[in-house]
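Contents: one structure, followed by commentary.
FYI, it's all coordinate maths here, none of it is from the lab. Everything numeric in this text was worked out from a predicted model, so none of it was measured. Here the Cβ positions follow ideal geometry from the backbone for every residue, glycine too, while neighbour counts run over all protein chains shown.
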Amino acid sequence: MGNLFLDEETMMLPCIELETEPNPTAAVIWLHGLGADGNDFVPIVPELNLEGCPGIRFIFPSAPSMPVTVNGGYVMPAWYDIIGRNLVDQEDAPGILKSATAITNIIEHEASRGIAYDQIVLAGFSQGCAMALQIGLRFPHKLAGIMALSGYLPLASTLASEKHSANQNTPIFMAHGMYDAVVIPERAEASYALLEKMGYTVSWNEYPMEHSVNREEIMDISRFLQSVLKQKA
């Protein structure tokens, strides 16, 4: 049902895979948050109502471990370093770009396995959300959708010059907890406002929760996946 692969030559990250049926024709690449790993969102897959969707390969990569400044240099899985609690004043651009390359390799790996780019959803929670937006808006092939959960838009100042028209109209599902103290709602709302201003198609969803996922959000994620990954005749 799941497996782990690591290919040093292509910088392939270790990933857990879960297929909803044999020979899937769609993929969801789901990126975890700071300090977690690829196992974090695996339990959600059985809870998703994917009626009407094609077979989907869910891919859950694990970030490498690194010292995280905001946590006193403690080594933990992270897509990039967090230097200040504000999140955006001092951003780890080299770290973000390095992880973006590694995650993009996973997208290309799925394409090489026969999954069309426009049948791939890029999803992420917290730091993973930041990475999903960083990559998805700049990716040169149209993706099916972007799920941005409890996070924010990183390196926002470079997006206007780096964004790719291929994903200008790609549906973006943004979700956030009203009581989130890790990524404060105002940070996510500012990202949402900027994306709207830049003409992106964004669905904004708020839930009465902290830095987490709740049942109502899972139902909305189901509906989003059903809308962007329709079964093709």
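Pairwise Cα distances in region 1-114 exceed 23 Å for 36 percent of all pairs. For the chain, the membrane-span-like helix rule (DSSP H, alpha carbon extent of at least 24 Å along the helix axis, mean Kyte-Doolittle at least 0.0) picks out 93-112; this says nothing about an actual membrane. The amide H of residue 138, built 1.01 Å from its N in the peptide plane, has 164 as neighbours under 5 Å, considering only residues 5 or more places off or on other chains. 3J(HN,Hα) couplings calculated from phi for region 65-70 with the Karplus curve 6.51 cos²θ - 1.76 cosθ + 1.60 (θ = phi - 60°) are, in sequence order, 8, 7, x, 10, 4, 5 Hz; Gly and Pro show x. Take every Cα pair under 8 Å whose residues are at least 6 apart in sequence, average their separation, divide by the length of region 81-153, and the relative contact order is 27 percent.
Shape summary: region 19-84 maps onto an equivalent ellipsoid whose semi-axes, from the alpha-carbon gyration tensor, are 32, 10, 9 Å in decreasing order. Counted without the sites themselves, the longest stretch of the chain free of trypsin sites (Lys or Arg not before Pro) in a DSSP loop having at most 12 other beta carbon atoms within 10 Å is 114-231.
Calculated on C-alpha atoms, the gyration radius of region 190-233 divided by its Kirkwood radius gives an Rg/Rh of 1.06.
Compared with the alpha-carbon gap, the fully stretched path from residue 108 to residue 182 is longer by 23.5 nm at 0.36 nm per residue. Taking a ≥ b ≥ c as the square roots of the Cα gyration tensor eigenvalues, with a/c under 1.5 meaning rounded and otherwise prolate when a/b beats b/c, else oblate, which class fits region 156-233? Because a/c hits 1.5 or more and a/b fails to exceed b/c, region 156-233 counts as oblate. Sequence-distant contacts, meaning Cα pairs under 8 Å at least 6 residues apart, place the relative contact order of region 31-72 at 53 percent. Taken over the chain, lysine pairs spaced eight or more positions apart, or on distinct chains, with alpha carbons under 18 Å apart number 5. In region 127-198, one over the average inverse separation of all distinct C-alpha pairs is 12.3 Å, which is the Kirkwood hydrodynamic radius.
For the chain, the normalised intensity computed at q = 0.08, 0.10, 0.13 Å⁻¹ comes to -0.26, -0.41, -0.71 (log10 of I(q)/I(0), Debye sum over alpha carbons, equal scatterers, no solvent).
In this label model, residue 201 and residue 101 are separated by 3.3 nm, measuring between points 7 Å along each Cα→Cβ vector. In order along region 76-88, phi translates into HN-Hα couplings of 7, x, 7, 7, 6, 6, 10, 8, x, 5, 5, 6, 10 Hz, rounded to whole numbers, per the Karplus curve 6.51 cos²θ - 1.76 cosθ + 1.60 with θ = phi - 60° and x for Gly and Pro. Based on the Kirkwood approach, the hydrodynamic radius assigned to region 81-128 is 12.6 Å, with every pair of different Cα atoms included.
Calculated [222 nm] ellipticity per residue, helices only, for the chain: -8000 deg cm²/dmol; basis is -39500 (n - 2.57) per DSSP H run with n ≥ 4, divided by all residues, nearest 500. Highest mobility in the GNM of the chain, judged by mean-square fluctuation with C-alpha springs under 10 Å and restricted to 177, 73, 55, is found for 73.
Working from Cα pairs under 8 Å separated by at least six residues, relative contact order for the chain is 18 percent.
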